[in-house]
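Reading through the structure tokens given below for one structure.
The values are calculated or read from the model by the stated rules, or taken from the named source; none is laboratory data. A quick note: this is a predicted structure, and the numbers were derived from the prediction, not measured. Note: ideal-geometry Cβ built from the backbone for every residue, glycine included; neighbour counts use all protein chains shown.
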């Protein structure tokens with residue numbers, strides 16, 4: 001956590017250092033008023049007059065000097081900024097408040113490029129960035145979880161047993177560990193059924209951008225499932241199938257899917273057979289749990 005905080009602070013620090021100043025985002029390293037040779041309180045007529053005078057002097061058709069051409073481009077840019085009252089107000093504010101770097105930069109780019117930006121492109125870009133952060137976070141947590149699993153006695157015992165089995169009963173830790181590959185480690189983890197909460201293996205299907213793109217499909221599937229449920233159990237009054245009864249039981253008890261899958265079949269069967277989705281049965285079950293909890297105390 002401390003390392004992540006330091007990284008974030010460092011990124012913000014470099015962003016501040018690399019952020020352009022008010023002059024840089026408008027007229028480069030120059031002052032827009034100085035380029036036109038007018039004062040800051042000059043009116044629109046004076047700014048226009050100064051621009052035409054300088055443009056005639058430095059226009060490439062009248063002055064072939066390369067430096068004069070560069071100066072003409074700066075003058076034209078300064079005029080574009082100062083001739084519009086709204087853009088001029090933004091520039092004056094940026095010069096008067098140079099400490100508000102991010103705010104001034106955002107106003108500048110919004111004024112020049114904001115109206116050209118497609119909101120759909122912004123949304124997709126945001127989803128991609130968030131999904132990338134989500135994927136790297138899941139991968140980091142999963143890698144840490146795997147390392148924790150490898151340190152457990154159960155994993156080490158299974159690894160040792162597998163080394164003995166493959167080595168014909170002769171244990172050689174260094175040689176055995178060199179022969180272990182990632183696929184074998186995954187097989188060990190599956191055999192041991194080591195479940196680590198909050199550290200699932202990253203999958204592209206879990207990313208926010210993928211879920212967003214598949215949202216219409218999921219909504220249609222959910223609507224179809226709901227209609228079939230109502231027809232089967234509310235209209236036809238058919239008995240619940242095992243999967244549907246398991247779903248109702250899991251939902252009534254607020255048990256996560258991963259935890260429900262890890263329950264032994266006998267426990268699942270006993271819970272499902274009690275019809276806990278019916279209120280009287282659920283109240284009776286909760287009363288038994290409270291009574292058993294008190295007896296343990």
*asked:* residue 63 - would you say it is without any contact (Cβ under 8 Å) to a residue 24 or more places away in the chain, over 40 Å from the mean Cα position of the chain (by Cα) and surrounded by fewer than 14 Cβ atoms within 10 Å (Cβ to Cβ)?
replied: no
*Of the residues that make up segment 245-257, is at least one under 30 Å from residue 127 (Cβ atoms), in contact with a helix residue (DSSP H, G or I) (Cβ under 9 Å, 6 or more places away or on another chain) and modelled with pLDDT under 90?*
yes
